[in-house]
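Structure first, commentary second.
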Amino acid sequence: MGERQTGLQLQLTWRGARALLGLPAAELAGDTVDLAALLGRRTDTLLDRLATATTWAQRFDLLDVELQAMADAGRADRGVRPEVGHAWDRLQRTGGNLRIAELADEVGWSRRHLAAQFHAETGLTPKGAARVIRFERVCDRLRGPNRPALAAAAADAGYVDQAHLSRDFRELAGSTATAWLRERLPSAELDEPGTVVRS
């Protein structure tokens, strides 16, 4: 076992990547990028300041200042097609339950052009984004205080059936729904495998 490590993790939306880093999230998707490649000369100074801070509160404050400075540099929405933003927002509002053909009609593009532009900015196709949004909606429900059974959560999120949700758990979370639930819920709240007991 190696030395104990600590660190900060920052999760960015595709808009956050554009605003803070000045580049589309698609350029970062599925890759490991050195921080210096993104921040340039500021990297060493920021890392030194974070390492020498004595509390986590100080580290978070330093990071907030740095992120705000990056956002103030005016990178937000530069190069983002408004149609892509509209398409993402519509998918979010519908919980990922919007036909892509209808979405393409709304923005005035062909499905193919929408898919290409959307992927170039976000790293996902509209269909892939809808899938992730639907899946995250289920996960949020299952983490919430009034947890439904898996079948009910699947139906509420727009899944055809629980089998489709199970497939998404394997492919998107890398585990079964039951395993995912067991990691997040006290065992007393689980009845039989994959069934959530209502409290």
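The values are calculated or read from the model by the stated rules, or taken from the named source; none is laboratory data. This is a predicted model, so every value here is computed, not measured. Note: ideal-geometry Cβ built from the backbone for every residue, glycine included; neighbour counts use all protein chains shown.
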Got at least one residue in segment 42-50 being loosely packed, with under 14 Cβ neighbours inside 10 Å and under 30 Å from D156 (Cβ atoms)? no
Within segment 20-36, restricting attention to residues that are exposed (fewer than 12 other Cβ atoms within 10 Å of the Cβ) and at pLDDT below 80, which residue is nearest to A116 (Cα to Cα)? G30
Among all residue pairs at least 6 apart or on different chains, which show Cβ distances below 9 Å where the first residue, located in segment 170-199, is in the same structural domain as R143 (by TED's automatic domain parsing) and closer than 17 Å to F135 by Cβ and the second is modelled with pLDDT of 85 or more and part of a loop (DSSP other than H, G, I, E, B)? R170/T176; W180/G174; L181/R147; E183/S175
When you go through L67, L63 one by one, which is the residue that is more than 30 Å from A130 (Cβ to Cβ) and in contact (Cβ under 8 Å) with a residue 40 or more places away in the chain? L63
Could you figure out which of (1) surrounded by fewer than 16 Cβ atoms within 10 Å (Cβ to Cβ); (2) in a loop (DSSP other than H, G, I, E, B) isn't true of L98? (1)
Residue ID - nearest to L23 (Cα to Cα), chosen from residues in segment 99-144 that are without any contact (Cβ under 8 Å) to a residue 40 or more places away in the chain and hydroxyl-bearing (S, T, Y): T125
For A57, which of the numbered conditions (1) part of a loop (DSSP other than H, G, I, E, B); (2) of a type in the set (A, V, I, L, M, F, W, C); (3) exposed (fewer than 12 other Cβ atoms within 10 Å of the Cβ) fails to hold? (1)
Quick one: count up the residues across segment 22-55 that are over 24 Å from the mean Cα position of the chain (by Cα) and of a type outside the set (S, T, Y). 11
Within segment 79-95, take every residue that is without any contact (Cβ under 8 Å) to a residue 40 or more places away in the chain and within 18 Å of I133 (Cα to Cα) and give me the one that is surrounded by the most Cβ atoms within 10 Å (Cβ to Cβ). A87
Test L21 against the criterion of being touching a Lys or Arg at 6+ places or on another chain (Cβ under 8 Å) and either touching a residue at least 24 places away in the same chain (Cβ under 8 Å) or not polar (S, T, N, Q) (or both), and give yes or no. yes
